[in-house]
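Notes follow once the structure below has been shown.
The values are calculated or read from the model by the stated rules, or taken from the named source; none is laboratory data. Please read all numbers here as calculations on a predicted model, not as lab measurements. Reconstructed Cβ throughout: ideal geometry from the backbone, glycine too, with neighbour counts over all protein chains shown.
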Amino acid sequence: MKVILPILLIILAPGLALAHTGGGEGGFLAGLTHPVLGFDHFLAMLSVGILSSQMGGRAIWSVPTTFVSVMAIGAFLGLKAVGLPGVEYGIALSVLILGVALAMEKKLPPVWAMVGVGFFAIFHGHAHGTEMPTIVKPIIYACGFLLGTAALHVTGVLIGFFSNKTRQGGAILRYVGAGISGVGVHIIYILTKY
């Protein structure tokens, strides 16, 4: 609880909702902070790490590595202006589905988890990639957001690891997953209004 409560407070901080600035400054730090400050990206990245921790074994590293690798491909597609329909819906759906996966706490076969997170990573990467042409240093920015994403995955793995060491850790993570999926539903609802 001592680990999860501060994280929940950070998640609920209202200033994080203003994180998507859509370009402008372009450097390593801007790329590094984008997945951390973008609420939808933040929740999805943490969820991937926690989910891989719940699965255990090689999935702890193979699932997040798949996400980061495929996200780089999605970013390249976005940078090259290759169209991808429903990017924002794909990102919102990733928050919803990953939250549900955490809430269910079922161990998926690693291959299925890798396919699932890879599918969602295309959307997250494409969103980053479409912003890169307006940024001064797109390659440095890309290195930043890839490292920021990996750091969030590692944070999720650590949350999962330490939660599993507590008596009620599994239950807490299921509630966190339910909350994340609720945020995903809310994001989808907002997207349908605009």
| field | Contacts under 8 angstrom Cβ, first residue in segment 35-47 being closer than 19 Å to residue 173 by Cβ, partner of a type in the set (Phe, Trp, Tyr), 6 or more apart | value | 44/120; 45/67
| Of all residues in segment 60-74 being more than 14 Å from the chain's Cα centre (by Cα) and within 23 Å of residue 158 (Cβ to Cβ), which is surrounded by the most Cβ atoms within 10 Å (Cβ to Cβ)? | 60
| Do we have residue 100 as more than 17 Å from residue 70 (Cβ to Cβ) and among the β-branched types (Val, Ile, Thr) here? | yes
| remark: Selection over segment 127-157 where residues are assigned to a helix (DSSP H, G or I), more than 15 Å from the chain's Cα centre (by Cα) and either surrounded by fewer than 21 Cβ atoms within 10 Å (Cβ to Cβ) or not aromatic (Phe, Trp, Tyr) (or both) yields a count of 11
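Go through 191, 158 for me and flag whichever is in contact (Cβ under 8 Å) with a residue 60 or more places away in the chain, closer than 25 Å to residue 56 by Cα and of a type in the set (A, V, I, L, M). Working first, answer last.
On the way: 191 fails: closer than 25 Å to residue 56 by Cα.
The match here is 158.
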| query | Are any of the residues in segment 122-132 free of Cβ contacts under 8 Å to residues at least 60 places away in the same chain and within 18 Å of residue 52 (Cα to Cα)? | reply | no
| task | Collect the residues in segment 75-92 that are surrounded by 15 or more Cβ atoms within 10 Å (Cβ to Cβ) and not β-branched (Val, Ile, Thr), keeping them in residue-number order. | result | 75, 76, 77, 78, 79, 84, 88, 90, 92
| field | Residue check, residue 76 within 18 Å of residue 185 (Cβ to Cβ), in contact (Cβ under 8 Å) with a residue 40 or more places away in the chain and aromatic (Phe, Trp, Tyr) | value | no
| query | Is at least one residue of segment 75-83 under 14 Å from the mean Cα position of the chain (by Cα), in a helix (DSSP H, G or I) and on the phi < 0 side of the Ramachandran plot? | reply | no
| Assuming residue 95 fulfils every condition listed in (1) buried (at least 21 other Cβ atoms within 10 Å of the Cβ); (2) β-branched (Val, Ile, Thr); (3) at pLDDT below 95 apart from one, which condition is it? | (3)
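Taking the residues in segment 136-158 that are of a type in the set (Ser, Thr, Tyr) and modelled with pLDDT of 90 or more as candidates, determine which candidate is farthest from residue 55 (Cα to Cα). Full working, then the answer.
Restricting attention to segment 136-158, the residues satisfying the condition of being of a type in the set (Ser, Thr, Tyr) are 141, 149, 155.
Those still in the list that are modelled with pLDDT of 90 or more too: 149, 155.
Values: 149: 19, 155: 15 Å.
Selected residue: 149.
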